[in-house]
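Input: a single structure, listed below in structure tokens.
Values in this text are rule-based calculations from the coordinates and carry no lab data. Computed from a predicted model, the values in this text were never measured in an experiment. Positions of Cβ are backbone-derived with ideal geometry, glycine not excepted, and every protein chain shown enters the neighbour counts.
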Amino acid sequence: MRGSGIAFGQQSGPPASHKQLQYLESLVRAAGYDGFRDARHPLDLTQRQAGGRFTRDEASTLIDRLLAADLDRDAPIGAAPKSGPPQAEPNPSERRARRHPPFSDLPSEAMADELRRRGWTVTEP
């Protein structure tokens, strides 16, 4: 008798769109990581996600996390809460993120497209 359900390591849901993955990768890079593999452990990604394979819901959730982390400049993406134990010297990715604030290199068109996709109204200054 065969089991039902999803095979180990398979995604459950429609895959993220190419545009969504591009935006997500730009956010990961803006956060100071070289890509999904570099961000795997700090962002708690699965092996499948570290390979760049996300469902739409997973990508949307990670985008939300990265955007929320940018709003709180005191807590770099992937960092432990301030109430936790003292942190060791930051790794090269974290140092890079501190030198180049997240989203400073993100194209404004990509940010505007993602905000529109989420229902926001975007106008030029």
How big is the dipole moment of segment 29-71 about its Cα centre under a simple scheme where the beta carbon of each Lys and Arg is +1, that of each Asp and Glu is -1, and everything else is neutral? Debye, nearest 20, please.
200 debye
Tally Lys/Arg at +1 and Asp/Glu at -1 over every other residue whose Cβ is under 15 Å from the Cβ of Leu45; what's the total?
-1
Residue span Asp34 to Val122: 0.36 nm per residue of separation minus Cα-Cα distance leaves a gain in nm of 28.8 nm
